[in-house]
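**Q** Take this structure first; my questions come after.
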Amino acid sequence: MASTLAEKVWQDHVVRRGENGEPDLLYIDLQLLHEVTSPQAFDGLRQEGRQPRRVDQQLATEDHNTPTIDIDKPIADLTSRTQIDTLRRNAEEFGVRIHSLGDKDQGIVHVVGPQLGLTMPGITVVCGDSHTSTHGAFGALAFGIGTSEVEHVLATQTLSLKPFKTMAITVDGTLKPGVTAKDVILAVIAKIGTGGGAGYVLEYRGEAIRSLSMEGRMTVCNMSIEAGARAGMIAPDETTFEYVKGRPHAPKGADWDEAVAYWRTLRSDDDAVFDAEVHIDADELEPFVTWGTNPGQGLPLSASVPAPEDFTDDTSRTAAENALAYMDLVPGTPLKDIKVDTVFMGSCTNGRIEDLRAFAETVKGREKHPDVRVMVVPGSARVRVQAEQEGLHEVFLAFGAEWRQAGCSMCLGMNPDQLKPGERAASTSNRNFEGRQGKGGRTHLVSPVVAAATAIRGTLSSPSDLQPTA
Amino acid sequence: MEAFTTHTGIGVPLRRSNVDTDQIIPAVYLKRVTKTGFDDGLFNAWRANDPDFVLNREPYSRGSVLVAGSDFGTGSSREHAVWALRDYGFKAVLSSRFADIFRGNAGKQGLVAAQLTQDDIEQLWKILEENPGTEVTVDLVERQVHAGDTGAVFPFEIDDYTRWRIMEGLDDIGLTLRHEEDITAFEATRPSWMPKTLPARIAEDA
Ligand code: SF4
């Protein structure tokens, strides 16, 4: 029978098929752990006298709470410090590999897994973190889980689950210059809505997706959860193999050939049937920004702030009213006239080397707008090292940006990197919820190049708005 | 999770209805990193401010069977409420009605949430107040509560699946581990090149 990519990966991981409406028992190849959602899971093991079943299929890093300056000093916030100390103790006690603050492989879980070559096509990946969907860019089935499920995976290396539905999102055509993966996914979410993907695995396909780099594909899959989806996936191809090859944990020699032969079978059959289908024309896409307080409230940058009356259904109208009030925006204002106080360049959505390169290329030889604070936070310590080897940090510093240590940072402001009440940010992260980046803070989600142009002009801008440099 | 068939311990009359999870354990205790050690948070506001609160009195403070008013465990879904009751030493809570989420969470942790009629709850309260320290037996096999040597027996309800799981001592993990052979058999079929985090391999610096 013809199958979709998601169905193939699922089939290949069924340990035991559920009967009479019971869930399937699904094997989990890789679990990623971080300090916020793992403590109670480890404690549960301890309480029951259990050991992790496969300690060699777990990887822990510190990211959500870690400071991005003065990382050699003790962490000031007590709760943060306790969570990090707890993760370290748990990792030691149970023998889990951990990359701690200061370690070369420390960083955001979703940046570290792929960079080590642990994220591979066709595997199942889970983490107590909703943006686990990122790893689907490799053709893996990857999704976020709760703390009791983290414990379940630690103890059994499986999860009891009912199969997800599948949705094909086809992006045909070619992206215009200056239009990026971030704009694609913001447009997808604006189109299907923040609940549009609920219960589905989204499979991104089509020419425009194929032409994206792995970094771009990760940006797209990362935000699948913002459409409410369980996971996002992209069938692996030469771009994928090229990225994985030679990484520390990638298969080698004959194993590599065997792996690639299998990976090539991981694509939706031509006659596979999806539960839902969506089409988007890449040629029509422009740089996208959000104006509201959920990732579905986005528009092309050339548009104006919408009025609540523009929305026909009551729920959207009320949501728009609330969002405009929180964001302090007046309907009809061109989006490009909106002044920002802070530009945040980083997160598991856009904190990879290619993102930093794109940002650097736009700001090179320029100075930031004097009223704007600019933070550049690499997604991992290794991204930071690589950026420095390429001299990108000099570009950032000359531009007037802060060059920080790796972590989640202002994506969620669990560490001191927060917006102040009323402060407005253009952010390359994935959530513009009320207070997400700091109590009372206002967030506009943007791509790295829009973040760069905004940092130069002081208002939401795309690179095409910039005057050529002399 | 420990298997539970019957339990005998001091009964604690909690003459209050609509005890929500915020009252069972206040939000400030949710910042913790453990799943145990929540006993100090249990009914914290009442224990700290009301010397007459039942758990501030001997011998009730050593109780392990809570006899509560109706609609126990409403409000926020925090699993911590169950953890706090369990950590304090409670093995069973009796009430004429439980909030759904609380009942689900209790089942996951092996805390028996037994539903009695309100009349029977009132009778139990009377017995426990007139004879402090009365031991109550919760018999999950027979689905009955016995009040000490008074001879009084009260039937209770609990759903079959939860009862079976608690009697077998099976939490979700325990249930999955019943299929451990299947997991082992599956693992034997996995190619050797599947990701392994250990031993750690670190990239050479470019
Ligand atoms: S960068 Fe943001 S979205 Fe990504 S894992 Fe960290 S907090 Fe979550």
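The values are calculated or read from the model by the stated rules, or taken from the named source; none is laboratory data. Worth saying up front: this structure is predicted, and the values here are computed from it rather than measured. Note: ideal-geometry Cβ built from the backbone for every residue, glycine included; neighbour counts use all protein chains shown. Please note that ligands, DNA and RNA were not included when accessible areas were found on the heavy atoms of the full protein model with its side chains. Shrake-Rupley method; radii C 1.70, N 1.55, O 1.52, S 1.80 Å.
**Q** Give A:51, A:40 a once-over and let me know the one that is part of a helix (DSSP H, G or I) and open to solvent by 10 Å² or more (accessible area, probe 1.4 Å).
**A** A:40
**Q** Also: Which is under 23 Å from residue A:188 (Cα atoms) and in contact (Cβ under 8 Å) with a residue 12 or more places away in the chain, of A:329, A:301, A:356?
**A** Working: A:329 fails: under 23 Å from residue A:188 (Cα atoms); A:356 fails: under 23 Å from residue A:188 (Cα atoms).
Selected residue: A:301, the only one of A:329, A:301, A:356 that is under 23 Å from residue A:188 (Cα atoms) and in contact (Cβ under 8 Å) with a residue 12 or more places away in the chain.
**Q** Out of A:419, A:412, which single residue is within 16 Å of the ligand (Cβ to nearest atom) and either open to solvent by 10 Å² or more (accessible area, probe 1.4 Å) or out of contact with any helix residue (DSSP H, G or I) (no Cβ under 8 Å at 6 or more places or on another chain) (or both)?
**A** Just one listed residue meets the conditions, A:412.
**Q** For the stretch A:415-470, which positions are polar (S, T, N, Q) and under 14 Å from residue A:335 (Cα atoms)?
**A** We begin by selecting, within the stretch A:415-470, every residue polar (S, T, N, Q); these are A:415, A:418, A:427-430, A:432, A:437, A:443, A:447, A:454, A:459, A:461-462, A:464, A:467, A:469.
Of everything in the stretch A:415-470, those that are polar (S, T, N, Q) and under 14 Å from residue A:335 (Cα atoms) turn out to be A:443, A:454, A:459, A:461, A:462.
**Q** Please state which one of A:63, A:70, A:77 is open to solvent by 70 Å² or more (accessible area, probe 1.4 Å), within 16 Å of the ligand (Cβ to nearest atom) and either in contact with a strand residue (DSSP E or B) (Cβ under 8 Å, 6 or more places away or on another chain) or acidic (Asp, Glu) (or both). Show your work before the answer.
**A** On the way: A:63 fails: open to solvent by 70 Å² or more (accessible area, probe 1.4 Å); A:70 fails: within 16 Å of the ligand (Cβ to nearest atom).
Selected residue: A:77, the only one of A:63, A:70, A:77 that is open to solvent by 70 Å² or more (accessible area, probe 1.4 Å), within 16 Å of the ligand (Cβ to nearest atom) and either in contact with a strand residue (DSSP E or B) (Cβ under 8 Å, 6 or more places away or on another chain) or acidic (Asp, Glu) (or both).
**Q** Right, another one. Looking at residue A:129, is it touching a Gly at 6+ places or on another chain (Cβ under 7 Å), open to solvent by less than 20 Å² (accessible area, probe 1.4 Å) and farther than 21 Å from residue A:251 by Cα?
**A** Against the criterion (touching a Gly at 6+ places or on another chain (Cβ under 7 Å), open to solvent by less than 20 Å² (accessible area, probe 1.4 Å) and farther than 21 Å from residue A:251 by Cα), residue A:129 does not qualify.
**Q** Could you give every pair whose Cβ atoms fall below 8 Å, whose first residue belongs to the stretch A:67-91 and is hydrophobic (A, V, I, L, M, F, W, C), and whose second residue is open to solvent by 50 Å² or more (accessible area, probe 1.4 Å), counting only separations of at least 6 or pairs across chains?
**A** Between residues of the stretch A:67-91 that are hydrophobic (A, V, I, L, M, F, W, C) and residues that are open to solvent by 50 Å² or more (accessible area, probe 1.4 Å), the close pairs are A:69/A:405; A:71/A:102; A:71/A:405; A:75/A:81; A:76/A:416.
**Q** Now, a different point. Among the candidates A:157, A:106, A:115, single out the residue that is within 10 Å of chain B (Cβ to nearest Cβ), within 16 Å of the ligand (Cβ to nearest atom) and either under 14 Å from residue A:201 (Cβ atoms) or not basic (Lys, Arg) (or both).
**A** Matching residue, one of A:157, A:106, A:115: A:115.
**Q** Any idea which of A:425, A:406, A:381, A:451 is surrounded by 21 or more Cβ atoms within 10 Å (Cβ to Cβ), within 16 Å of the ligand (Cβ to nearest atom), within 14 Å of chain B (Cβ to nearest Cβ) and under 22 Å from the mean Cα position of the chain (by Cα)? Before you say what the answer is, go through the steps one by one.
**A** Values: A:425 fails: within 14 Å of chain B (Cβ to nearest Cβ); A:406 fails: within 14 Å of chain B (Cβ to nearest Cβ); A:451 fails: within 14 Å of chain B (Cβ to nearest Cβ).
Of the residues listed, the single one that is surrounded by 21 or more Cβ atoms within 10 Å (Cβ to Cβ), within 16 Å of the ligand (Cβ to nearest atom), within 14 Å of chain B (Cβ to nearest Cβ) and under 22 Å from the mean Cα position of the chain (by Cα) is A:381.
**Q** Return the residues of the stretch B:173-206 that are acidic (Asp, Glu) and over 30 Å from residue B:1 (Cβ atoms); say none if nothing qualifies.
**A** Listed by number, the residues that qualify are B:204, B:205.
**Q** Still on this model: Sort out for me the strands (runs of 3 or more DSSP E) sitting completely within the stretch A:266-324 that have 1 or more residues that are modelled with pLDDT of 95 or more and over 23 Å from the mean Cα position of the chain (by Cα). Outline the logic, then answer.
**A** Values: elements: A:276-281, A:288-290, A:298-300.
The strands (runs of 3 or more DSSP E) meeting that bar are A:276-281.
**Q** Still on this structure, please answer the following. Would you check which residues across the stretch A:166-199 are within 20 Å of residue A:139 (Cα to Cα) and at pLDDT below 95 and list them?
**A** A:197, A:198, A:199
**Q** Quick check, is residue A:375 within 16 Å of the ligand (Cβ to nearest atom) and either open to solvent by less than 20 Å² (accessible area, probe 1.4 Å) or more than 14 Å from chain B (Cβ to nearest Cβ) (or both)?
**A** Against the criterion (within 16 Å of the ligand (Cβ to nearest atom) and either open to solvent by less than 20 Å² (accessible area, probe 1.4 Å) or more than 14 Å from chain B (Cβ to nearest Cβ) (or both)), residue A:375 qualifies.
**Q** I'd like to verify a number: residues in the stretch A:216-251 that are basic (Lys, Arg) and within 14 Å of chain B (Cβ to nearest Cβ), how many?
**A** Kept after step one, since they are basic (Lys, Arg), are these residues of the stretch A:216-251: A:217, A:230, A:245, A:247.
Next, from what is left, pick out any that are within 14 Å of chain B (Cβ to nearest Cβ): A:245, A:247.
Qualifying residue count, the stretch A:216-251: 2.
**Q** Let me ask another. Residues A:254, A:229: which one is free of Cβ contacts under 8 Å to residues at least 60 places away in the same chain and either open to solvent by 20 Å² or more (accessible area, probe 1.4 Å) or within 16 Å of the ligand (Cβ to nearest atom) (or both)?
**A** A:254
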